[in-house]
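The values are calculated or read from the model by the stated rules, or taken from the named source; none is laboratory data. Remember, predicted model here, so these are calculated numbers, not experimental data. FYI the Cβ positions are ideal-geometry reconstructions off the backbone, even for glycines, and counts take in every protein chain you see. Areas reflect the complete protein model, heavy atoms only, side chains present, ligands, DNA and RNA absent. Shrake-Rupley method; radii C 1.70, N 1.55, O 1.52, S 1.80 Å.
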Amino acid sequence: MAPSLLSTAAGVLLLFSLSSAVSGKYCPTTCGVADYLNRYKPAVDKDLDEMEDILGRITNLTTGATEKVTYMKDSATQHQKSGGDVHYKRSASILDDVLRFEKTIVSQEEQIYQLQGMLESNKKRMLDLKQMSIQLDQKCQDPCKDTVEIKPITGKDCQDIANKGAKSSGLFYVKPLKAKEQFLVYCEIDSFGRGFTVLQRRRDGSVDFNKDWIQYKEGFGYLSPDDTTEFWLGNEKMHLLSTQSSIPYVLRIELTDWQGNKKHADYAMFKVGPEVDMYRLTYAFYFGGDAGDAFDGFDFGDDPSDKFYTSHNGMQFSTSDKDNDKFQGNCAKQDGSGWWMNRCHAAHLNGKYYPGGKYTEKDAGESGYDNGIIWATWHSRWYSLKETTMKIIPTNRITAGDGQQVGEVKQFGGLGDN
Ligand SMILES: [Ca+2]
């Protein structure tokens, strides 16, 4: 009987470890953790009580058996002393049985001690969890509210969201036409009703942009509702966003240097290809801006082919672990970033962050090549910019800041107002 009880106890232990494993693909928020604990705590408490009960019963059985063995041993010895030969033989074999029985009990006792030890340690873990749960409860007072606000309107991009009535910037879920799942983006929504979907943000060097293919594919860094953090939205998301619509997108690049000067560059019909084409960058033409057309390459004066080999239109994406560039070496590995590398670049917005801007070949480390945040048509390649933004908007909305376009904004923006 005892072995089956033991296996039940082991089963309960297994249940406990299963129910304490966190599942799901998203990290829980503080509220999520509290909810989770509150939901599963009663079940785990019940499991522990059951285990305690089972162990108690096993302990009782063992004690009973031990007493019985002692009694049997005593009576067998008694018998040996008083009885004759025939009885002696019988009692000797009984004594053997008793000894075997005793051995079994001893080994089972050891198992019980082990289980009791596990029970104690689980009890302690349970206490710790209860303690944490109380602390979390206190932090998430009624109603439990996460500190990051995700706005309720969704759409296929941020312009769609603005058209549906969103009036201010923040975090929204978007679901491009071909996307299997919605995903979170930062939407920059201005007073003209324009909704830019932000693809990339550099502002303080807090995020390391030296990442591999998968990380650039999926995106990294942090999205924040107040636009204070750095991130790469992810090549797959950029592909889904930029290729979904019959209305082409303009890519707007905004740059800030260490003196606080701001410039921008716009590219018409911006697209990021699919992964099978290594997330190739294409655009139709330089749409304008005061930062100059660095995507078209730059004549650094080193070689007549400089401009040709530092242009970016039509380049596939490269990372340190996936070399799709036009260079015999690996530009992405050399420069410690993922980008639409040629041989290698005149524009390089995922480069290394150099506080203060100016840096030298020596600062660039082993390779000695320019690896900062570069826009060569504005600042030299040995000057790393302070802040960058890459964001997209449907072409028909880019000029909505001009006076005559405002009427159009009102026409488009009515849906969420009713
Ligand atoms: Ca190469």
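Residue count for region 372-413 under the criterion of being among the small types (Gly, Ala, Ser), modelled with pLDDT under 95 and surrounded by fewer than 16 Cβ atoms within 10 Å (Cβ to Cβ): the result is 3. When Arg252 is tested against (1) within 16 Å of the ligand (Cβ to nearest atom); (2) assigned to a strand (DSSP E or B); (3) not β-branched (Val, Ile, Thr), exactly one condition is not met: (1).
Residues that are part of a loop (DSSP other than H, G, I, E, B) and over 15 Å from the mean Cα position of the chain (by Cα) within region 230-249 comprise Thr243, Gln244, Ser245, Ser246, Ile247, Pro248, listed in sequence order. Can you tell me which residue within region 289-324, out of those that are in a strand (DSSP E or B) and open to solvent by 20 Å² or more (accessible area, probe 1.4 Å), is farthest from Thr377 (Cα to Cα)? Of everything passing the filter in region 289-324, Lys322 is farthest from Thr377 (Cα to Cα).
Checking the stated criteria, Gly351 turns out not to satisfy the condition of being within 12 Å of the ligand (Cβ to nearest atom), open to solvent by less than 40 Å² (accessible area, probe 1.4 Å) and assigned to a loop (DSSP other than H, G, I, E, B).
Residue-wise test of (1) within 16 Å of the ligand (Cβ to nearest atom); (2) over 28 Å from Phe287 (Cα atoms); (3) of a type outside the set (Lys, Arg).
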position: Gly314; (1), (2), (3): yes, no, yes
position: Ser320; (1), (2), (3): yes, yes, yes
position: Ala347; (1), (2), (3): no, no, yes
position: Gly365; (1), (2), (3): no, yes, yes
position: Ser384; (1), (2), (3): no, no, yes
position: Glu387; (1), (2), (3): no, no, yes
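Screening His239 with (1) open to solvent by 10 Å² or more (accessible area, probe 1.4 Å); (2) modelled with pLDDT of 95 or more; (3) under 26 Å from Lys386 (Cα atoms) gives one miss only, at (3). Residues in region 325-336 that are more than 8 Å from the ligand (Cβ to nearest atom), part of a loop (DSSP other than H, G, I, E, B) and within 15 Å of Met278 (Cα to Cα): none.
Considering region 147-200, the qualifying strands (runs of 3 or more DSSP E), each wholly inside and each with 2 or more residues that are in the same structural domain as Asn235 (by TED's automatic domain parsing) and within 20 Å of Asn235 (Cβ to Cβ), run over 170-174, 183-189. Residue under question is Asp257, and the condition is that it be within 27 Å of the chain's Cα centre (by Cα) and not small (Gly, Ala, Ser); does it hold? So Asp257 fails the test. Annotation note: Cβ proximity below 7 Å between a residue of region 312-338 that is free of Cβ contacts under 8 Å to residues at least 24 places away in the same chain and a residue that is of a type in the set (Val, Ile, Thr) and more than 8 Å from the ligand (Cβ to nearest atom) (sequence gap 6+ or interchain) occurs for Ala332/Thr319.
In this structure, does Trp339 turn out to be within 16 Å of the ligand (Cβ to nearest atom) and either closer than 21 Å to Ile373 by Cα or buried (at least 18 other Cβ atoms within 10 Å of the Cβ) (or both)? The answer is yes for Trp339. Here Gln114 meets each of (1) at pLDDT below 95; (2) of a type in the set (S, T, N, Q); (3) open to solvent by less than 30 Å² (accessible area, probe 1.4 Å) with one exception, condition (3).
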